[in-house]
Amino acid sequence: MNQDDLLDVLEPAQRSAQKYIPYPRRKLSRSVVALLWLLRAYVLIAVPLVVYAFVKALLAGG
């Protein structure tokens, strides 16, 4: 009996409630955590630069 067969046995309310059970946190290696922090820092630097360039282009065009 696979997972789909087990879900077919449940009533609709039970099936929809089953969808909201969160998965446990995944353990990440230090290198993956470091890469995610670097990505976060990149976004925090890049977004203001893009907004600045966009606003400057709007003001120069008008």
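No value in this document is a laboratory result; all are computed from the given coordinates. Computed from a predicted model, the values in this text were never measured in an experiment. With ideal geometry, Cβ positions are generated from the backbone for all residues, glycine too; neighbour counts draw on all protein chains shown.
The C-alpha atoms of the chain define a longest principal axis, and helix 30-61 lies at about 50 degrees to it.
Calculate for the chain the 222 nm mean residue ellipticity that helices alone would give, adding -39,500 (n - 2.57) per DSSP H run of length 4 or more and normalising by residue count, nearest 500 deg cm²/dmol.
Numbers: 3 runs with 46 residues, N = 62.
Here the helix-only value at 222 nm equals -24500 deg cm²/dmol.
Taken over the C-alpha atoms, segment 3-61 has Rg and Dmax values of 22.6, 64 angstrom.
Scan segment 16-62 for trypsin sites (Lys or Arg not before Pro) in coil per DSSP, keeping those whose Cβ has at most 16 other Cβ atoms within 10 Å, and list them by number.
On the way: sites: K19, R25, R26, K27, R30, R40, K56; in loops: K19, R25, R26, K27.
Within segment 16-62, the qualifying trypsin sites (Lys or Arg not before Pro) (loop, at most 16 other Cβ atoms within 10 Å) are K19, R25, R26, K27.
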